Structures are given as structure tokens and as C-alpha cells.
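Below is one structure, written out as C-alpha cells, with a few remarks after it.
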Amino acid sequence: MVKILATGGAGFIGSHVVLELLNSGYEVVVFDNLSNSSRASIERVARLTNGTPEFVEGDIRDAAALDALFKAHDITAVIHLAGLKAVGESVAHPEQYYDVNVAGSTTLFNAMLRHGVKHGVFSSSATVYGEAEVMPMPETTPTGPVNPYGKTKLMIEQILTDITSIGPGWRSMILRYFNPVGAHKSGQIGEDPLGFPDNLFPFIAQVATGRRAVLNIFGDDYPTPDGTAIRDYIHVMDLARGHVLAIDYLLSDKAVDNETPVVNLGTGKGSSVKEVHAAWEAACGFDIPAQIAPRRAGDVTIYCADAAKAKEMLGWEAEFDLAKMCEDHWRWQKGNPEGYR
Ligand code: NAD
Ligand code: UFG
């Protein structure tokens, strides 16, 4: 059996990726310091699948811990999801983002080099793009991240690409996610933000359960049909399947040594904040209080993926629509109003 290391595998996206890997016949080792997650997600993944993920608690900045892990496990490929991801926090504490994301990734890639692990898939983000002129955005859209979080993502992309270009037998892939939302259909695993939820779906979910009073719609004066900003929301299970296909691809003879293709994972269909709010009300079957608030600093009008390359290269296409994203996110939130706690 082929063994995959998932760094950050206890987190929101990681837990769904681990589930899909196990369901696809891969063995999985999760390496996570639990700074933004809990072991409960891994225990629940084990219950939802036939396979059992192995769990190693540790930090990607800890070279000795990584050496021990690579010695103990015969890893074929790494899916690197571990990192910090809050845009606002990255502006307030850039040093932490460069340390965990950039230094942590470099430490991980060096450990892969030392132990002859030559395949890496990196969790990047649409946030590496600047304000784009062409919509939907293909992977060739000029990059231009505007916050430290996005800058770290772009730096890690460049580091992985450079290492892959010279390492004998290395093949890697960069996945740029658009807006991952939803949850596994069981309602057993999902997003569990610690503290204040910055993102739209987790915030609406907490208004729906009564933990928050009202959804603030940040700006209704954007140049869009209903005045609210548009994003390409993607169901986390579609995203997870994209990772399995990325690994399948890297292990096949279709992949080319020393190359690191960049692939967008999005649906190609944008939804406005008002459309998302309406879809949530339909999924819940009751009204969710909302009010118009000023624009949020740093927001762009529209972000939408051109996902043609994912289809052509990986045979991947998003299956799930906005209604299913809301329905599954709501099932998770309703059953676990306090997350895993
Ligand atoms: P998450 O916080 O739920 O998962 C990240 C995991 O990494 C957590 O389990 C956390 O404990 C772990 N981690 C953090 N620092 C670590 C360290 N130093 N060593 C080991 N483990 C560490 O976030 P997520 O939404 O699942 O995101 C996963 C990845 O996808 C991240 O790299 C994120 O930047 C990227 N991404 C997320 C989004 C999104 O909107 N959720 C969008 C684009 C890209
Ligand atoms: N929004 C509201 N009210 C809220 C929260 C969000 O109106 O309470 C609006 C935002 O203004 C934006 C849209 O909902 O127009 C989506 O906002 P999110 O915060 O959910 O997502 P972003 O597009 O701002 O960013 C997210 C992640 C980034 C990632 C990006 C693309 O936070 O890290 O998706 O993948 F890079």
C-alpha cells in the first residue's frame, strides 16, 4: 500500500482529505501540532472509513520530529496542508506567518530531501492572485498577494517549485483552492473555527445556531448584479477528491519529473453574499437575520476560478452545488454547535 503523509491532516480540509485518501485505498499518516484542531477529527475519520489514519503530534518546524517520522514510516508522498491561514492575523503578526508557513515548509521540504520523499502536493490559495482583469481566473493570472498570509503561500509555491526542479525524481503539484466550505455528508466532521469566525460560511452557521445575533453583509455597493461580492465556493468533499486525483497523477506516468504544475480547484461558478445567505435560509428552513454593513477592508469584488486545467490534467470537476454546500455545512453545525468541543 502507498503511504501518504498529510501535514495539518487534523484540520478542516485535512480531515476531509484524509477520509478520501483512506476511502481510495491509501494509507495515511497525519502530522499535526493541533494548534487549530483536535484529535477528535481524526478519531471521527477513523469511524467513517475502513482504514485508520495514524496520528503523530508534532510541529513542521521541528526537523528532529520530522526525521523520526520519516524513519518510522515509508512515505511515498506528502500533502502539505499544515499552516496558519487567517488573513487579518497575518497582518497583525506577520512574523508568525513567515515562521510557521515559510520556515515550517522549508523544514518539511528539507526533511523530504534527506529521506528521499520526492512527491509533494501543496495547499495554496486563490489569495496568491492579485485583483484580476480576466474572470474566471486561469492559473496564468498574474500573482500579487496583498497580505502576509498570501505572500507566504506564494513563497512556499516558489520554494517547492525550485526544489522539485532540481531534485532527481521529484514531482510536485500546487493546488490553489478558492473558497472551501461545506462538510462531509455524515455531519461528523467539519470546520471548527477557534474564536471569532472570519469567513462567511462559519459565521452564517453560528447565526443559524443562535451563537451570533446577525450576519453582517460587508458591502452592497459592489459592481455586481445584487451589489454584494462574489466568490467561488467549493464543497470540501470536491476539494478532497481533487487531492486524491493529484496524488494519483503524481504517481502515474502522466507526471513529469522536476515539474510542479499549478492547478486551480474551484467550481467556476460565483455566488454573491446575498445568494449565499438565501441558500442558507433554504437549507435551514428558517430566516437568518442579516444586515448590510460597510465593506470589509481588503475585499475584492469577484473571485472565480477557471477550473479547466483541473479537468484536463486530473479529470476533476466539482460535483456539488451551493445548496449542497449549505445543507452539509448546516448538518455538521446543527449536530456539533460547539464544534469538536
Ligand atoms: P485548519 O487550520 O483547519 O488546518 C490547518 C492544520 O494545520 C490544523 O490542524 C493545525 O493544527 C495545523 N498546523 C498549524 N500549524 C502547524 C505546525 N506548525 N505544525 C503542524 N501542524 C500545524 O485550516 P484549513 O482550512 O483546513 O486549511 C488547510 C490548508 O489549506 C492551509 O494550508 C490553508 O492555508 C490552505 N487553504 C485554506 C483555505 C480556506 O479557506 N480554508 C483556502 C485556501 C487555502
Ligand atoms: N462576508 C460577509 N460577512 C461576513 C464574512 C464574510 O459579508 O461575516 C463576505 C466577505 O466580505 C466576502 C465574502 O463574504 O465578500 C467571502 O468572505 P470569506 O471571508 O468567507 O472569504 P474570502 O474570499 O475573503 O477569503 C477566503 C479565505 C482566504 C482564501 C480565499 C480564497 O479567507 O484565506 O477565501 O481561497 F485565500
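Consider Asp67 carefully, then state whether it is assigned to a loop (DSSP other than H, G, I, E, B), away from ligand 2 (no atom under 16 Å from the Cβ) and acidic (Asp, Glu). Steps first, answer last, please.
On the way: assigned to a loop (DSSP other than H, G, I, E, B): no; away from ligand 2 (no atom under 16 Å from the Cβ): yes; acidic (Asp, Glu): yes.
No: the conditions fail for Asp67.
Please enumerate the residues belonging to the range 44-68 that are in contact (Cβ under 8 Å) with a residue 60 or more places away in the chain and within 13 Å of Val29 (Cα to Cα). Lay out the reasoning, then the answer.
To start, the set of residues in the range 44-68 that are in contact (Cβ under 8 Å) with a residue 60 or more places away in the chain comprises 44-45, 47-48.
Passing the criteria: only Val45.
Pick from the range 156-185 the residues that are basic (Lys, Arg) and either assigned to a strand (DSSP E or B) or farther than 23 Å from Thr267 by Cβ (or both): which of them is nearest to ligand 2 (Cβ to nearest atom)?
Pass one, the range 156-185, residues basic (Lys, Arg): 171, 176, 185.
Now drop any that are not either assigned to a strand (DSSP E or B) or farther than 23 Å from Thr267 by Cβ (or both), which leaves 171, 176.
Details: Arg171: 24, Arg176: 8 Å.
Looking at the filtered set, the residue picked out is Arg176.
Could you list, in sequence order, the residues of the range 250-274 that are away from ligand 1 (no atom under 16 Å from the Cβ) and in contact with a Leu (Cβ under 7 Å, 6 or more places away or on another chain)?
If the condition is that a residue be away from ligand 1 (no atom under 16 Å from the Cβ) and in contact with a Leu (Cβ under 7 Å, 6 or more places away or on another chain), then Thr260 is the only one that fits.
Looking at the range 205-226 only, could you name the residues that are touching a residue at least 40 places away in the same chain (Cβ under 8 Å), in a loop (DSSP other than H, G, I, E, B) and not basic (Lys, Arg)? If you could, list the steps in order and put the result at the bottom.
If we filter the range 205-226 for residues that are touching a residue at least 40 places away in the same chain (Cβ under 8 Å), which is where we start, we get 205-209, 211, 213-226.
Checking which are in a loop (DSSP other than H, G, I, E, B) leaves us with 209, 211, 213-214, 219-226.
Across the range 205-226, the qualifying residues are Thr209, Ala213, Val214, Gly219, Asp220, Asp221, Tyr222, Pro223, Thr224, Pro225, Asp226.
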Could you tell me which residue of the range 105-155 is farthest from Ala82 (Cα to Cα), considering only residues that are in a helix (DSSP H, G or I), in contact (Cβ under 8 Å) with a residue 60 or more places away in the chain and hydrophobic (A, V, I, L, M, F, W, C)? Ala126
Of the residues Glu281, Glu275, Glu317, which is free of Cβ contacts under 8 Å to residues at least 24 places away in the same chain, within 29 Å of Thr141 (Cα to Cα) and either buried (at least 18 other Cβ atoms within 10 Å of the Cβ) or of a type in the set (Asp, Glu) (or both)? Glu317
If the Cβ limit is 9 Å and pairs must be 6+ apart or interchain, which residue in the range 183-196 that is without any contact (Cβ under 8 Å) to a residue 60 or more places away in the chain pairs with which residue that is surrounded by 15 or more Cβ atoms within 10 Å (Cβ to Cβ)? Phe196/Phe203
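Values quoted throughout were computed directly from the atomic coordinates according to the rules given, and no laboratory measurement underlies them. These numbers come from a predicted model, not from an experiment. Quick reminder, even Gly has a Cβ in these numbers, built from the backbone with ideal geometry, and neighbours come from all protein chains shown.
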